[in-house]
Amino acid sequence: MTEERSFRLAAAVAAAVAVAFVVWVLLSLGGPDVTKAVDDVVVALVPLLAAGACFHAARRAPYGFGRAWTASLRRAWRLLGASALSWGLGQTIWAFFELVGKWDVPVPSLADVGFLAALPLAVAGVLAFPTAPTSPAARLRTLLDGLLIASSLLFVCWATLLGDVYRATTTSALEKAVVLAYPLGDIVVVTIALIVLSRSQGRGVVPLSMITVAMFFLFAADSAFAYLTQTNAYATGDILDTGWLVGYLLLLVTALKPAVAELRTADGGDDDPSLGRLVLPYAPILVAAVTGVATQLLRGAFDPF
């Protein structure tokens, strides 16, 4: 079987797993206890498989584009693999608490170590992807673009979820800080991913686009988890768990893509950016603007944040 056929089969299996998971959770097949067990096991297994796929992608990186380029690409996939492994181990601990110990998982717990460690590893992994050389002006533009994206995403999250989480008074300061660390860390990861994607061209665009979408799914799931945890409404088997599953399935499939071993960016391009690269940082600003208008209409005023 060729690599391309293997990749297509893996993508089809991943899609089937995602659909089956959604159906199982929505219908609660077998009852709440069985659904919880399936959720815990599947959501722990997929990130571990994604980690293996990332490590495999690192081994497949060719030397045809220079030793430094290859080393950078391999480091990127290893760091992403380490991030997925860390998250998978955190979920494994969570599953042990629920399925073996029959305990309610405390917040914070040992599982949070694995979950939170995955965030800086993901940031380092995305930053490690080889990108085109940048001039001082391009570095300044990248910094400003990053600030635009991060502040826009933070504004949207605060208006929709994080503000309510912060104002919750039923939890300790430590629990509140741990829960808020998830979406705030994800904002950094998504921002970095968008910046790297905006600087990429050619065959590097598709894999980086898939990685960015995967990070968005993880971001959405973490934000929803933060809100539901603070309102005591979260339980394993919730449909929001699909966000983590789909995010790591996308990472797994991306790492298995045959061309991913040859992921590269344009040799230049800072002086002639494409329209997409120019517009990309402003998409979150548009979302923030719409959110601001909706907040004003629905609530009548903004909070101090």
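The values are calculated or read from the model by the stated rules, or taken from the named source; none is laboratory data. Just so it is clear, the model here is predicted, and its values are computed rather than measured. Note: ideal-geometry Cβ built from the backbone for every residue, glycine included; neighbour counts use all protein chains shown. Heavy atoms of the whole protein, side chains included, go into the accessibility calculation; ligands, DNA and RNA do not. Shrake-Rupley method; radii C 1.70, N 1.55, O 1.52, S 1.80 Å.
The table below lists the values:
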| quantity | calculated |
| --- | --- |
| Extension reserve of the Ala37-Thr160 stretch, reckoned as 0.36 nm per residue once the Cα distance is removed | 41.2 nm |
| Magnitude of the charge dipole, the chain, Cβ model with Lys/Arg +1 and Asp/Glu -1, debye to 20 | 880 debye |
| Accessible area expressed per residue, the chain, with surrounding protein chains retained (probe 1.4 Å, Å²) | 47 Å² |
| 11 Å beta-carbon shell around Phe96, net charge (K/R +1, D/E -1) | -1 |
| Spin-label model distance (nm) - Ala233 vs Val287, 7 Å beyond Cα toward Cβ | 2.0 nm |
| Estimated [θ] at 222 nm from DSSP helical runs (n ≥ 4, -39500 (n - 2.57)) normalised by residues in the chain, nearest 500 | -24500 deg cm²/dmol |
| Cα gyration tensor shape for the range 55-106, rounded if a/c is under 1.5, else prolate or oblate | prolate |
| Relative contact order [Cα under 8 Å, 6+ residues apart], the chain, whole percent | 26 percent |
| Pairwise Cα inverse-distance average, inverted: Kirkwood Rh of the chain (Å) | 20.3 Å |
| Fraction of accessible area attributable to carbon and sulfur, the range 1-139 (%, probe 1.4 Å) | 70 percent |
| Rounded if a/c under 1.5, otherwise prolate or oblate - the range 80-191, Cα gyration tensor axes | oblate |
| Under the span-like rule (Cα at least 30 Å along the axis, Kyte-Doolittle mean at least 1.0), DSSP H helices of the chain | 3-27, 136-157, 173-198, 205-230 |
| Solvent-accessible ranking of Met215, Met210, largest area first, probe 1.4 Å | Met210, Met215 |
